[in-house]
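Participant: Would you mind keeping the following structure in view while I ask a few things?
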Amino acid sequence: MNQKNPLAGFRDGLGRFGDAVHDRWLSTPGWQRWVLYVLLIVGALLLPSESLAPIMSPYTDWATILFFPIGTYVVLAIGLNVVVGQAGLLDLGFVAFYAVGGYAMALIGTRLGWNFWLILVVGIGICALSGLTLGAPTLRLRGDYLAIVTLGFGEIIRITARNTDEIGGPNGIRGIPHPPSIEDFSLFGVNFSEVFGVDPFKYGNLNTHPYYYLLVALAVIVIILVKRWEKSRVGRAWAAIREDEDAAEVMGVPTFRFKLLAFAIGASIGGAMGVLWAAKSISINPNDFQFLLSATILAAVVMGGSGNLPGVMLGAFLVAWLPERFRGLQEYRMLIFGAVLVALMIFRPEGLLPSRQRKAELQEGTGGMGTLGAEVPGPDSQVEEVASK
């Protein structure tokens with residue numbers, strides 16, 4: 001007689017609930033979806049409200065951590081999810097593209113005096129080229145070999161920046177210009193500074209709100225583009241590569257080309273965030289781009305549900321917010337944070353909000369990370385094997 005494992009029953013219950021929500025969403029009319037999208041954007045714009053600060057961040061400035069680390073982690077996680085979650089390529093050096101974007105903003109802004117918007121476009125192009133430069137010689141590798149190479153690339157960028165005096169060396173670059181401001185912005189006769197007490201396009205050192213609004217706009221654009229790619233021929237090619245690269249190659253999918261495209265897109269998103277972050281910080285140095293940041297963003301992607309955009313964003317939010325929320329516990333907060341991650345991997349190894357497709361891949365033994373860990377069966381398969389004996 002097979003007896004259901006209580007842990008497996010709990011996980012199955014969560015899975016059925018998630019599938020029911022997903023099915024309900026698929027049957028929702030298009031206009032209702034757009035209403036929800038608009039409400040979510042409006043809600044994101046209202047998040048810096050001071051009324052939320054005592055609950056969300058009692059020990060630090062709530063508006064500041066909304067930009068960094070929360071908003072920054074969310075955008076970086078979306079970019080890394082293109083590489084890891086959709087194409088199945090483990091990238092441990094994603095922080096390198098974030099650094100390239102930041103240094104592009106710093107160098108061009110301080111030495112050439114270009115406009116922020118022009119630097120943003122150029123920075124995205126430079127980071128896309130960096131992704132192609134890294135991917136061209138390395139994407140023949142797979143699994144942990146690719147992970148080691150990308151890890152080395154991230155460290156090469158940081159160490160090169162530290163040892164190159166022409167770009168500031170270990171002291172970095174200071175005096176990075178802000179985006180151009182628009183004073184006393186009004187819409188339909190409503191002056192925002194008078195009604196809401198904030199100028200959404202007045203960029204300076206003291207007020208974080210305008211940078212957060214700019215970050216929300218960047219995140220919305222990135223989400224739209226990523227979802228369009230996911231539902232296109234490109235997204236189907238990434239899914240085929242992630243599930244079985246050899247089979248995809250046999251079926252005529254130009255795997256190398258699509259993997260290179262995934263690296264370039266992910267690098268572009270990371271670079272765009274780097275440009276915006278540098279413009280807000282007004283100074284950067286190589287220590288801002290440690291490997292720990294790459295590992296944290298990867299943890300956010302896996303924790304939220306690799307391959308599922310809402311899950312990835314939720315994971316990034318929690319990874320960035322929880323340590324700040326419990327900052328009052330001092331060094332114990334990281335211990336608690338680590339315990340939460342371990343518990344999550346035990347009770348929900350596929351992530352908080354996994355896609356149905358990725359959950360099936362995990363059960364089949366792909367480990368939820370494309371070809372990486374394909375030899376390791378998923379937890380559900382282990383439970384079923386034990387129950388059948």
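Participant: Would you check which residues across segment 153-172 are within 30 Å of Glu249 (Cβ to Cβ) and surrounded by fewer than 14 Cβ atoms within 10 Å (Cβ to Cβ) and list them?
Facilitator: So the first thing to find is which residues in segment 153-172 are within 30 Å of Glu249 (Cβ to Cβ), and the list is 153-154, 156.
Within segment 153-172, just Ile156 meets the criteria.
Participant: Looking at Thr72, Thr150 in this structure, which one is part of a helix (DSSP H, G or I), among the polar types (S, T, N, Q), touching a Phe, Trp or Tyr at 6+ places or on another chain (Cβ under 7 Å) and closer than 23 Å to Val319 by Cβ?
Facilitator: Details: Thr150 fails: touching a Phe, Trp or Tyr at 6+ places or on another chain (Cβ under 7 Å).
Of the residues listed, the single one that is part of a helix (DSSP H, G or I), among the polar types (S, T, N, Q), touching a Phe, Trp or Tyr at 6+ places or on another chain (Cβ under 7 Å) and closer than 23 Å to Val319 by Cβ is Thr72.
Participant: Among residues belonging to segment 262-284 that are open to solvent by 40 Å² or more (accessible area, probe 1.4 Å) and in contact with a Gly (Cβ under 9 Å, 6 or more places away or on another chain), point out the one that is modelled with the highest pLDDT. Don't jump to the end; show me each part of the working.
Facilitator: Start the filter on segment 262-284 by keeping residues that are open to solvent by 40 Å² or more (accessible area, probe 1.4 Å), which leaves 280, 282-283.
Restricting the remaining residues to those that are in contact with a Gly (Cβ under 9 Å, 6 or more places away or on another chain) gives 282-283.
On the way: Ile282: 88, Ser283: 92.
Here the residue is Ser283.
Participant: Related question: Evaluate the following for Gly102: is it part of a helix (DSSP H, G or I), under 21 Å from Leu261 (Cβ atoms), among the small types (Gly, Ala, Ser) and open to solvent by less than 40 Å² (accessible area, probe 1.4 Å)? Show your work before the answer.
Facilitator: Values: part of a helix (DSSP H, G or I): yes; under 21 Å from Leu261 (Cβ atoms): no; among the small types (Gly, Ala, Ser): yes; open to solvent by less than 40 Å² (accessible area, probe 1.4 Å): yes.
So Gly102 fails the test.
Participant: While we're here: Of the conditions (1) touching a Gly at 6+ places or on another chain (Cβ under 8 Å); (2) assigned to a helix (DSSP H, G or I), Leu352 clears all except one; give me its number.
Facilitator: (2)
Participant: Let me ask something else about it. Test Pro349 against the criterion of being modelled with pLDDT of 90 or more, of a type outside the set (D, E, K, R) and either closer than 20 Å to Leu52 by Cβ or open to solvent by 20 Å² or more (accessible area, probe 1.4 Å) (or both), and give yes or no. Steps first, please.
Facilitator: On the way: modelled with pLDDT of 90 or more: no; of a type outside the set (D, E, K, R): yes; either closer than 20 Å to Leu52 by Cβ or open to solvent by 20 Å² or more (accessible area, probe 1.4 Å) (or both): yes.
For Pro349, the condition - modelled with pLDDT of 90 or more, of a type outside the set (D, E, K, R) and either closer than 20 Å to Leu52 by Cβ or open to solvent by 20 Å² or more (accessible area, probe 1.4 Å) (or both) - is not met.
Participant: Kindly evaluate Thr110 against the criterion of being in a helix (DSSP H, G or I), of a type in the set (Val, Ile, Thr), in contact (Cβ under 8 Å) with a residue 60 or more places away in the chain and in contact with a Gly (Cβ under 7 Å, 6 or more places away or on another chain).
Facilitator: Details: in a helix (DSSP H, G or I): yes; of a type in the set (Val, Ile, Thr): yes; in contact (Cβ under 8 Å) with a residue 60 or more places away in the chain: yes; in contact with a Gly (Cβ under 7 Å, 6 or more places away or on another chain): yes.
Taking the combined requirement at face value, the residue satisfies it.
Participant: Of all residues in segment 36-57, how many are within 16 Å of Leu214 (Cα to Cα), assigned to a helix (DSSP H, G or I) and in contact (Cβ under 8 Å) with a residue 60 or more places away in the chain?
Facilitator: 3
Participant: Among the listed residues Ser186, Ser193, identify the single one that is modelled with pLDDT under 95, small (Gly, Ala, Ser), open to solvent by less than 50 Å² (accessible area, probe 1.4 Å) and farther than 26 Å from Ile284 by Cα. Spell out the reasoning first.
Facilitator: Details: Ser186 fails: open to solvent by less than 50 Å² (accessible area, probe 1.4 Å).
After applying the criteria, what remains is Ser193.
The values are calculated or read from the model by the stated rules, or taken from the named source; none is laboratory data. Keep in mind that this is a model prediction, so the values were computed, not measured. Counting neighbours? That spans all protein chains shown, and the Cβs are built from the backbone with ideal geometry, glycine included. All accessible areas refer to the heavy atoms of the entire protein, side chains included, with ligands and DNA or RNA removed. Shrake-Rupley method; radii C 1.70, N 1.55, O 1.52, S 1.80 Å.
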